[in-house]
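Structure, as structure tokens:
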Amino acid sequence: MDAALRDPPSLDAVRAAIAHLSDPEIPVVSLAELGILREVRRGGDGVAEVVITPTYSGCPAMGQIEDDIRAALRDSGIAARVVTQLSPAWTTDWMAPAAREKLRAYGIAPPNGRAAQAGAQVVGFARRAAGQPVPCPRCGSTHTTQTSPFGSTACKALYRCLDCLEPFDLFKPY
Amino acid sequence: MGAGDSAPVDYLLHLADNALVLGQRNAEWCGHGPILEEDLALANHALDHLGQARLLYQHAARCINAEPAQAQRFAHLQGARADGALTEDSLAYFRATHEFRNFTLLELPHHGPLAGPARADRDFATTTVRNVLYAALMNLWWERLQASADPQLAAIAAKSLKEVRYHLSHAGDWLVRLGDGTDESRARAQAALDHLMPHTQEFWTGDEAESAAVANGTGVALAELKPAWDALLDEVLAEATLRRPADGGYVTQGKRGLHSEHMGFLLAEMQSLAREHPQAVW
């Protein structure tokens with residue numbers, strides 16, 4: 001048995017072992033940047049715990065993400081548990097500006113606005129407030145239109161740029 | 001978590017069954033959507049509902065396993081157990097028709113009234129109207145359940161509310177488009193509304209599970225939400241230029257396990273694989 005398995009791993013070692021992991025659908029931002037990785041902590045019994053939170057309830061990537069974390073910990077010889085925690089509910093508001101820029105560079109428009117305002121925009125019919133503009137991640141034009149509010153994954157909507165004519169995904173405010 | 005902190009098992013199952021059954025119905029459009037984008041949208045809806053159902057079944061299974069009287073009540077469920085304990089799969093795949101607690105509205109096929117196993121083409125207006133009626137309810141219900149005394153149910157509610165807001169917006173947009181659309185789309189939307197509206201009476205009639213949940217602070221008396229639901233619905237119908245039919249007639253009782261003739265066929269399709277391979281793991 002190697003040393004890492006005999007001694008409780010430091011929390012920094014746990015963090016380092018999983019730092020490179022990302023959502024399989026969005027490989028450009030890390031789990032921490034996306035807000036899925038909530039915390040690395042020591043459980044009551046001294047075992048390290050990796051706390052994750054699901055994005056959408058039915059997101060099929062969550063199972064894959066959990067498996068990826070377990071595999072990365074195993075490969076590093078680290079004994080730790082994966083804990084799923086629902087509250088507080090995941091929100092796109094947790095994405096830092098740097099992560100938003102990485103999404104944009106990858107071709108996914110980052111969330112347009114805060115989640116709380118998005119809720120008010122979403123519900124309400126005749127009086128629905130106009131949403132914030134969605135700039136095209138390629139040419140920057142705000143002359144864009146929604147093709148469908150439900151896209152290739154639960155977290156995205158389909159858009160199209162009316163200037164450069166490219167279709168693109170929007171990471172929905174949630 | 002002490003037993004007093006969790007919602008009654010039947011209340012959790014009612015919420016979970018609603019989500020699972022409507023998720024199963026909406027998933028029937030996968031590969032058959034009127035346009036590709038709508039195919040994706042309905043599959044996304046179904047996925048959200050499936051996710052909500054899983055969280056609720058997992059919670060219900062923990063409550064059942066923790067309490068001997070409940071464990072005894074569900075001891076007859078076969079298959080899909082982990083170390084002898086009930087799992088989400090036992091609840092979804094191994095309960096019979098009369099054990100499901102979903103609203104009858106949610107199990108109806110995507111077309112007007114037809115008896116028995118008769119199948120017709122899927123009618124998108126029926127799907128749309130149902131999604132509006134149910135999403136409007138869930139917007140209000142999940143919002144209130146965020147303050148449930150059951151912390152796990154409150155956490156599930158906070159997540160689900162975000163999802164169901166998108167569902168209501170999407171289905172509402174479609175209803176406006178259909179109602180205020182061509183003669184054909186308008187006639188179909190009105191017919192679907194006339195057909196489905198009486199089933200919503202079931203929302204407002206309490207039952208034992210709801211009373212128990214209200215009593216221990218974990219649930220909501222849905223009748224209190226009716227004025228807000230009426231207002232949401234009237235707003236959509238006004239923009240869709242549709243006529244709101246009067247409620248009345250038989251009040252369905254799916255949440256008490258008394259289902260329509262369509263429920264057995266839905267479960268047969270959904271459960272057959274798991275029942276054929278009861279020890280399967282996926």
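The values are calculated or read from the model by the stated rules, or taken from the named source; none is laboratory data. This structure is a prediction, so every number in the text was calculated from the model and none was measured. Here Cβ is always computed from backbone atoms with ideal geometry, including for glycine, and neighbour counts include all displayed protein chains.
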Discussion item. Given (1) over 23 Å from B:Gln52 (Cα atoms); (2) more than 21 Å from the chain's Cα centre (by Cα), identify the lone condition not met by B:His195.
Written reply: (2)
Worksheet item: Are any residues in the range B:247-279 free of Cβ contacts under 8 Å to residues at least 24 places away in the same chain and either β-branched (Val, Ile, Thr) or not in a helix (DSSP H, G or I) (or both), and if so, which ones?
Response: B:His277
Fill in: Hits in the range A:93-115 - residues which are modelled with pLDDT of 90 or more, touching a helix residue (DSSP H, G or I) at 6+ places or on another chain (Cβ under 6 Å) and within 14 Å of another protein chain (Cβ to nearest Cβ)
A:Asp93, A:Pro111
Worksheet, complete the sentence: Residue pairs qualifying under the 6 Å Cβ cut-off, at least six apart or on distinct chains, with the first in the range B:75-103 being closer than 25 Å to B:Phe203 by Cα and the second being in a loop (DSSP other than H, G, I, E, B), are B:Thr97/B:His259; B:His98/B:Gly257
Fill in: Single unsatisfied condition, B:Val220 versus (1) out of contact with any Lys or Arg (no Cβ under 7 Å at 6 or more places or on another chain); (2) touching a residue at least 40 places away in the same chain (Cβ under 8 Å); (3) of a type in the set (Val, Ile, Thr)
(1)
Worksheet item: Taking the range A:4-51 on its own, how many of its residues are in contact with a helix residue (DSSP H, G or I) (Cβ under 8 Å, 6 or more places away or on another chain) and within 14 Å of another protein chain (Cβ to nearest Cβ)?
Response: 3
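What helices (runs of 4 or more DSSP H), lying completely within the range A:1-72, carry at least 1 residues that are surrounded by 18 or more Cβ atoms within 10 Å (Cβ to Cβ)?
A:11-18, A:31-34
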Discussion item. Suppose we keep only residues that are of a type in the set (Asp, Glu) and part of a helix (DSSP H, G or I) within the range B:6-47. Which one would you say is surrounded by the most Cβ atoms within 10 Å (Cβ to Cβ)?
Written reply: B:Asp17
Response to the item:
Only one of A:Tyr106, A:Tyr56 is among the aromatic types (Phe, Trp, Tyr), touching a strand residue (DSSP E or B) at 6+ places or on another chain (Cβ under 9 Å) and closer than 29 Å to A:Thr142 by Cβ, namely A:Tyr106
Discussion item. Quick check on the range A:147-174: of everything there that is facing chain B (nearest Cβ under 10 Å), in a strand (DSSP E or B) and without any contact (Cβ under 8 Å) to a residue 40 or more places away in the chain, which residue is surrounded by the most Cβ atoms within 10 Å (Cβ to Cβ)?
Written reply: A:Ala157
Worksheet, complete the sentence: When restricted to B:Thr182, B:Thr241, the only residue surrounded by fewer than 20 Cβ atoms within 10 Å (Cβ to Cβ), farther than 22 Å from B:Lys255 by Cβ, within 14 Å of another protein chain (Cβ to nearest Cβ) and at pLDDT 95 or above is B:Thr241
Discussion item. Yes or no: the range B:143-163 includes at least one residue that is within 14 Å of chain A (Cβ to nearest Cβ) and farther than 30 Å from B:Asp5 by Cα.
Written reply: no
Worksheet entry | Qualifying residue in the range A:94-102 (condition: outside the structural domain of A:Lys156 (by TED's automatic domain parsing), assigned to a helix (DSSP H, G or I) and among the acidic types (Asp, Glu)) | no
